[in-house]
Every structure is written in C-alpha cells, then in structure tokens.
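K.L.:
What follows is a single structure, and I will ask about it in a moment.
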Amino acid sequence: MGDEISLDEAKKKAARTAVDEWVKEDTKIVGIGSGSTVVYAVQRIAERVWKDGELTDLICVPSSYQAQHLILDYNLNLGSVDRNPIIDVAIDGADEVDSNMVLIKGGGGCLLQEKVVAACSKKFIVVADYTKKSLHLGEQWCRGVPIEVAPMAQVPIKLQIEAMFGGEVVLRMAKVKAGPIITDNGNFLLDWKFVGKREYNWDEVNRTITMIPGVLETGLFVDMAHKCYFGMADGSVKAQSK
C-alpha cells in the first residue's frame, strides 16, 4: 500500500500521457473537457506552449465555463465550436468507463457541451484515475446517469424513464443555494439511478431517452471514445481501446 500514489497524481499521469501522445506539432485545434483531471491536461498543454515553445498556434475549444476560464488562466488561445466546428482531438474526463468504453459523464453538470465538443472531434480521448474503470457501469459510479432536461418537462421525463427502464430518477439539487442545480445552458439535471446488475443495451437506452420530449442530452457517451488513459495506483498509465 505504501507504494500507491494519490488519486491526484494518478490523474496527472493519465492527463500528461494523453496530451503528449495526441497533441502533436500539427494539431491545430483541441477540445478541452471539464473536471479535475482535465486541469492537468491543460497544465501540460500550457507547459509545452510557454516553456517548450511548441504549439503556439494551438486553439483550445472549451466544453464549459470552467474549461473556458482554465484556458484563459493559462493564456492559451480560446476558440469556440462556432468558429472551430472541426476539432482535431478532444481530451476530457469521465465519471465511469466500462469494458466496452461506454462512458458516464455529467457529474459536474456539463454533459451537453461536453458531448457537442466530443462529437465535433476527429478523436475523443478520455483521461481518468483508476477508480473510474469498471467492467460494468454502476460498479464504481453510484450517482446514476445525468440527464439534462428542460425545466418544465422534468416530471414527465422522470416518470417515462422509470416506467421504461426501472430504477429511480431524481432532480439534482444545489448544495449551497436553495433549489435545483442549473446547468450552463439554463436547464435542470436529472440523475437516473438505474437498476444495478441489470443488463442494459446502453446504445438503445441512450437513443430512447434522448427521444423523450424535453430531454436535451444524456450523460451516456456510447461509441464516442477513441482511447482511454487511466492513471493507476502503482504509478503506471493503462490505455484502453475498443
């Protein structure tokens, strides 16, 4: 146990490895995800820009307000999906990754923008620590699948999901202010706590939920990730491809 590294160090190793393998001299536009692991990816990009003198023309496209401020804090070139709709590579974290590289994302509430940036990218690369790696979804992440919804539709969406797929759907509430969490897009977040150890066809589930009127996006990222990097407890980095 004494040889194990901290989760932060594991995140850092995964993020730096991914940046060095996927952000090359000919990379022009990179998508920047959200969350604690991505901070280390941006730090590595900035190190290469300002310390090593590389990537000076690189444009960074954010997936959230957090990512935008991170890009600006490190004095990197800020882009947008309006100006840069074709992204060479996007680097983002995940709340959980299963053996088929289906992801749960949205624990931080930025799932809609994260999925847009990922979908605009030629390659979508995931970075995480070893606690995010599972054989089946729900083994590590117990807070359910986030779903961004129009506020007026939250109740019928909750009832439809529970009727179709079981489990429990709850409105995500704020911890500091009174009332529900409001996303960057002005919407509500539902968390669907699906039935554990039940076999789901996640592609079908994702498509079905997305078709419910009032659903903006789900936190299920199916067939999107090209490669995942996990910082392991022993200090190594393990890569997973589909």
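The values are calculated or read from the model by the stated rules, or taken from the named source; none is laboratory data. In this text, all values refer to a predicted model and were calculated from it rather than measured experimentally. Using ideal geometry, Cβ is built from the backbone for each residue, glycine included, and neighbour counts are taken over all protein chains shown. The accessibility values were calculated without ligands, DNA or RNA, using every heavy atom of the protein model including side chains. Shrake-Rupley method; radii C 1.70, N 1.55, O 1.52, S 1.80 Å.
K.L.:
May I ask you to verify whether Leu135 is open to solvent by 50 Å² or more (accessible area, probe 1.4 Å) and either outside any helix (DSSP H, G or I) or in contact with a Lys or Arg (Cβ under 8 Å, 6 or more places away or on another chain) (or both)?
P.N.:
Judged against the criteria, Leu135 is a match.
K.L.:
Which numbered condition in (1) in the same structural domain as Ser64 (by TED's automatic domain parsing); (2) buried (at least 18 other Cβ atoms within 10 Å of the Cβ); (3) more than 17 Å from Gly106 (Cβ to Cβ) is the only one that Lys123 fails?
P.N.:
(2)
K.L.:
Can you name the number of the only condition in (1) over 25 Å from Leu7 (Cβ atoms); (2) touching a strand residue (DSSP E or B) at 6+ places or on another chain (Cβ under 9 Å) that Ile104 fails?
P.N.:
Here Ile104 meets the rest and fails (1).
K.L.:
Separate question: Could you please give the count of residues in region 152-177 that are out of contact with any Gly (no Cβ under 9 Å at 6 or more places or on another chain) and within 22 Å of Gly196 (Cβ to Cβ)? Give the steps one after another, and end with the answer.
P.N.:
Pass one, region 152-177, residues out of contact with any Gly (no Cβ under 9 Å at 6 or more places or on another chain): 155, 158-160, 162-166, 171, 174-177.
With the extra rule that they be within 22 Å of Gly196 (Cβ to Cβ), the set shrinks to 158-160, 162-166, 171.
Adding up the residues that qualify gives 9.
K.L.:
State which residue is least open to solvent (accessible area, probe 1.4 Å) when the search covers only region 138-162 and only residues that are assigned to a loop (DSSP other than H, G, I, E, B) and not charged (D, E, K, R).
P.N.:
Gly144
K.L.:
Evaluate region 226-235: report whether one residue or more is among the basic types (Lys, Arg), farther than 17 Å from Val155 by Cα and buried (at least 17 other Cβ atoms within 10 Å of the Cβ).
P.N.:
Looking through region 226-235, at least one residue is among the basic types (Lys, Arg), farther than 17 Å from Val155 by Cα and buried (at least 17 other Cβ atoms within 10 Å of the Cβ).
K.L.:
I'm checking my understanding of the structure. Among residues of region 211-242 that are hydroxyl-bearing (Ser, Thr, Tyr) and over 18 Å from Gly107 (Cα atoms), which one is farthest from the chain's Cα centre (by Cα)? Working first, answer last.
P.N.:
Quick first cut of region 211-242, residues hydroxyl-bearing (Ser, Thr, Tyr) only: 218, 229, 236, 241.
Applying the additional criterion that residues be over 18 Å from Gly107 (Cα atoms) yields 229, 236, 241.
Working: Tyr229: 13, Ser236: 22, Ser241: 17 Å.
The qualifying residue farthest from the chain's Cα centre (by Cα) is Ser236.
K.L.:
With among the hydrophobic types (A, V, I, L, M, F, W, C), farther than 19 Å from Glu114 by Cβ and open to solvent by less than 70 Å² (accessible area, probe 1.4 Å) as the only criterion, which of Ala41, Ala90, Ala10 stands out?
P.N.:
Ala10
K.L.:
Only one of these conditions is not met by Trp192: (1) closer than 30 Å to Pro151 by Cβ; (2) open to solvent by 30 Å² or more (accessible area, probe 1.4 Å). Which number is it?
P.N.:
Only one criterion in (1) closer than 30 Å to Pro151 by Cβ; (2) open to solvent by 30 Å² or more (accessible area, probe 1.4 Å) is unmet by Trp192, namely (2).
K.L.:
Here's a follow-up. Please state which of the following conditions Ser34 fails to meet, knowing it meets all the rest: (1) touching a helix residue (DSSP H, G or I) at 6+ places or on another chain (Cβ under 6 Å); (2) within 25 Å of Trp202 (Cβ to Cβ); (3) open to solvent by 20 Å² or more (accessible area, probe 1.4 Å).
P.N.:
(3)
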